[in-house]
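*Asks:* First the structure, then my questions, so here it is.
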Amino acid sequence: MEVRAFEGPFGAEVLGLDLTAPLTAREREEANRAFVENVVLCFRGQTFDRPEDFLAAVRNLGDPMPPVTATYRLPGFEAIEELTNRAIDRRTGDRTPLKRGGSWHTDHSNLERPPKATILHAIEVPETGGNTEFTNLYLAYGALPDEDKETIRGRRAFHAYLSRRAPRRLLTRTKDEEKNSSGCWQPLVRLHPETGRRSLYLNPMRCDAVEGMHREDGDALLDHLYGHCDQVRFQYSHQWQPGDVLIWDNRSALHQATFDFDQSRRRYLHRIMLRGERPVLAT
Ligand SMILES: [Fe+2]
């Protein structure tokens with residue numbers, strides 16, 4: 001197994017590892033270490049005969065977790081979702097494509113225990129365009145001026161399912177799904193449970209308020225932090241190849257899908273999230 005860093009500020013690819021075969025304890029440990037250290041890790045050239053095989057491969061990296069909404073579940077699989085550029089909200093009948101994932105976010109941060117990671121398997125992807133982009137939140141935190149670090153130290157933000165400030169729509173939830181995803185306070189600076197490093201933890205889709213601040217001041221602080229994060233020096237853009245299995249760390253990265261390709265062509269991936277822990281506030 002070879003881990004080769006991507007060009008750019010972070011991320012790596014793994015060559016010479018077949019995820020359809022059982023991994024040894026050592027391979028599993030190396031893969032998990034490479035994942036947390038690189039934030040984004042791509043296993044190239046993986047083909048699964050059945051969705052069960054993808055699920056089995058993913059279990060080497062953690063415990064699969066069902067998404068809040070059941071809308072896009074692959075039939076017969078609680079934890080596998082179908083991800084396409086043609087997704088619409090079937091519950092409202094609105095035919096406008098949702099552009100799922102089409103702005104910066106981290107997955108399910110409105111849950112008290114958000115998924116530690118998300119994994120995609122590329123099945124049908126455009127030859128160019130349709131990248132998934134990532135922002136490294138360790139780097140973004142590290143580059144903040146001291147006065148900003150001081151402002152956010154010890155503070156939390158409220159993450160709603162859909163913030164009043166969100167730049168796009170999300171799926172409609174059933175009443176039961178609403179009950180299980182109403183929102184919670186999360187640290188703005190998060191201590192990573194495995195690396196021990198500090199990162200920003202924020203979500204432009206969900207952050208709705210900053211603890212101890214009036215709305216205008218909280219909004220201004222969030223916008224300032226979002227602007228800071230959106231710098232190429234913290235970012236990696238992944239051009240998909242069929243067979244890529246890509247895992248990212250939701251605790252230390254933002255991500256977004258792009259739709260800069262011919263939308264009459266289908267982009268189709270399978271998605272699995274991995275259970276995570278309650279975020280720890282860095283003091
Ligand atoms: Fe996402």
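*Asks:* Restricting attention to strands (runs of 3 or more DSSP E) lying wholly within region 170-281, give those where 3 or more residues are within 18 Å of the chain's Cα centre (by Cα) and under 30 Å from Phe54 (Cα atoms).
*Replies:* 235-238, 245-249, 253-257, 268-274
*Asks:* Restricting to region 117-134, name every residue that is surrounded by fewer than 20 Cβ atoms within 10 Å (Cβ to Cβ) and among the polar types (S, T, N, Q).
*Replies:* Thr128, Asn131
*Asks:* Separate question: Suppose we keep only residues that are more than 14 Å from the ligand (Cβ to nearest atom) and buried (at least 21 other Cβ atoms within 10 Å of the Cβ) within region 245-266. Which one would you say is nearest to Arg100 (Cα to Cα)?
*Replies:* Among those that are more than 14 Å from the ligand (Cβ to nearest atom) and buried (at least 21 other Cβ atoms within 10 Å of the Cβ), it is Val245.
*Asks:* While we're looking at this one, here's another question. So in region 268-283, with the set limited to residues that are among the basic types (Lys, Arg) and more than 14 Å from the ligand (Cβ to nearest atom), which one is surrounded by the most Cβ atoms within 10 Å (Cβ to Cβ)?
*Replies:* Residue satisfying both the conditions and the ranking: Arg275.
*Asks:* Among the residues of region 117-132, which ones are more than 10 Å from the ligand (Cβ to nearest atom) and either of a type outside the set (Asp, Glu) or in contact (Cβ under 8 Å) with a residue 12 or more places away in the chain (or both)?
*Replies:* Ala117, Ile119, His121, Ala122, Ile123, Glu124, Val125, Pro126, Thr128, Gly129, Gly130, Asn131
*Asks:* One residue is enough: does region 88-105 have a residue meeting the conditions at pLDDT 95 or above and more than 16 Å from the chain's Cα centre (by Cα)?
*Replies:* No: zero hits.
The rows are residues; the columns are (1) among the charged types (D, E, K, R); (2) touching a strand residue (DSSP E or B) at 6+ places or on another chain (Cβ under 6 Å); (3) modelled with pLDDT under 95.
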| residue | (1), (2), (3) |
| --- | --- |
| Lys175 | yes, no, yes |
| Gln186 | no, yes, no |
| Leu191 | no, yes, no |
| Thr195 | no, no, no |
| Val210 | no, yes, no |
| Tyr226 | no, no, no |
| Asp230 | yes, no, no |
| Gln239 | no, no, no |
| Arg251 | yes, no, no |
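*Asks:* Moving on. Within the bounds of region 140-149, is there any residue that is touching a Leu at 6+ places or on another chain (Cβ under 9 Å), more than 16 Å from the ligand (Cβ to nearest atom), modelled with pLDDT of 95 or more and farther than 25 Å from Ser237 by Cβ?
*Replies:* Taking every residue of region 140-149 in turn, at least one turns out to be touching a Leu at 6+ places or on another chain (Cβ under 9 Å), more than 16 Å from the ligand (Cβ to nearest atom), modelled with pLDDT of 95 or more and farther than 25 Å from Ser237 by Cβ.
*Asks:* Working only within region 80-116, note down all residues that are away from the ligand (no atom under 13 Å from the Cβ), surrounded by fewer than 19 Cβ atoms within 10 Å (Cβ to Cβ), on the phi < 0 side of the Ramachandran plot and not polar (S, T, N, Q).
*Replies:* Result: Glu82, Arg86, Ile88, Asp89, Arg90, Arg91, Asp94, Arg95, Pro97, Glu112, Arg113.
*Asks:* Going by what's in this entry, would Leu120 be described as at pLDDT 95 or above and farther than 18 Å from Gln239 by Cβ?
*Replies:* No, not satisfied.
The values are calculated or read from the model by the stated rules, or taken from the named source; none is laboratory data. Since this is a predicted model, take the numbers as computed values, not measurements. Virtual Cβ from ideal backbone geometry, glycine too; neighbours counted across all protein chains shown.
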